[in-house]
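Nothing in this text is a laboratory measurement; each read-out follows from the coordinates by a stated rule. Small disclaimer: the values here were computed from a predicted structure and weren't measured. Cβ: placed from backbone, ideal geometry, glycine included. Neighbour counts: every protein chain shown.
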Amino acid sequence: VPPTLRWYIKKASRKGVATVYGAKVLLERAVGLRAKCARLLTYHRFGESHGDAFCVSPHEFERQVAMLARQGRAVSLQDLISHVSKEREIPQDACLITIDDGMLSTLTHALPILEKWKVPAVAFVSSGLVGKSIPDMPERYMGWDELRQLIASGLVEVGSHAHTHRSLGNMGLEDARFEARISKETLEENLGVPIRCFAYPFGTKGDFSSATDSALREAGYEIAFNSMHGAIRRDMPRFSLPRVKIEGGEGLLWFSLISRGALDAWRIVDNNLWRLQRVRKEVA
Ligand SMILES: [Zn+2]
């Protein structure tokens, strides 16, 4: 399937699901049927790159962040941990912004917007890629000084995105244990802060398992996320929590619905078509 056609098929499917389930979300809100839950929103890069789902324009991002801030729905990792461990209530449809891969635009484009609206976020960084540029990648990875600047803002917490950005589910368990441990140690040594959370590279159904979840627990993480779609409710397994991918070029109305659960049902696609999602580069 040609890339442009793939793009339109994917966008049409996302909008189809979001329309049907967005109507359900609005209906449930109207009759007060909504359970308290949180969502982690997954971003990757920021900039003006049309036709790249991994890239959200700064203008779009600011409108999304402003919406969450104005509605009092933006929460921190600590708020989320307290929610999952039942220590504290969170706002209805709370959202935690997460930015994967540690690309430079996290610092140059996302941080100023997060600071302006005082919205917290988590940046998931692959420790072995810090400071590198990879041919064909649209931007380079942040270096250690840049990651320290991000943390110094007081708004962004760094989490591990493994050491080499390979699928933990696709390697031997000993290698997965090593990735979990070495990435935490490397980030902690260089950044001087505890690394509490982990996001699985790729995070589709084949990229994690109960064995890799245990490897993360043994390595000392408090909480871990994959890329399956869905909301986070209390009592969910702490090392296998879902997120919701935010794509570029979808508009504020869609964001409003998606951030409230209109794409949670995309999990059906995650559960059944995950082998198709494996068409990808090793670093993405
Ligand atoms: Zn990634």
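Tabulated values for the structure
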item	result
Selected from 30, 248, 271, residue furthest toward positive end of dipole (the chain; charges at beta carbon)	30
Estimated distance in nm for a label pair at residue 132 and residue 233, the labels positioned 7 Å out from Cα along Cα-to-Cβ	4.0 nm
Lys/Arg +1, Asp/Glu -1 at C-beta; region 1-149 dipole; positive extreme among 8, 104, 49	8
Built amide H within the under 5 Å cut-off of residue 160, gap 5+	125, 197, 198, 199
For 184, 86, 10, order by how many other beta-carbon atoms lie within 10 Å, fewest first	86, 10, 184
Amide H contacts of residue 208 (H built 1.01 Å from N, under 5 Å, at least 5 apart or other chain)	169
Cα-based convex hull volume of the chain per residue, rounded to whole Å³	122 Å³
About the Cα centre, charge dipole magnitude for the chain (Lys/Arg +1, Asp/Glu -1 at Cβ), debye	1080 debye
Antiparallel %, DSSP beta bridges [both residues in region 36-169], to 5	5 percent
Ordering of 167-174, 114-121 by burial proxy (mean other Cβ atoms within 10 Å per residue, highest first)	114-121, 167-174
Cα-centred dipole magnitude for region 179-224, charges only on beta-carbon of K, R (+1) and D, E (-1), debye, nearest 20	120 debye
Axial C-alpha extent at least 15 Å, average Kyte-Doolittle at least -0.5 - helices from the chain (DSSP)	3-30
Hull volume in cubic angstrom per residue (convex hull over the Cα atoms of region 1-66)	117 Å³
Beta bridges per DSSP with both ends in the chain, % antiparallel, nearest 5	5 percent
Binned Cα-Cα distance frequencies in region 149-284 - 5 Å width, integer %	2, 10, 18, 20, 20, 17, 10, 4, 0
Interchain or long-range residues, amide H under 5 Å from residue 96's placed H	39, 40, 41, 75
Rounded D (µm²/s) - region 57-192, Kirkwood Rh over Cα pairs, Stokes-Einstein at 10 °C, 1.306 mPa s	99 µm²/s
Of 24/205; 11/245; 36/118, those spanning more than 18 Å from alpha-carbon to alpha-carbon	24/205; 36/118
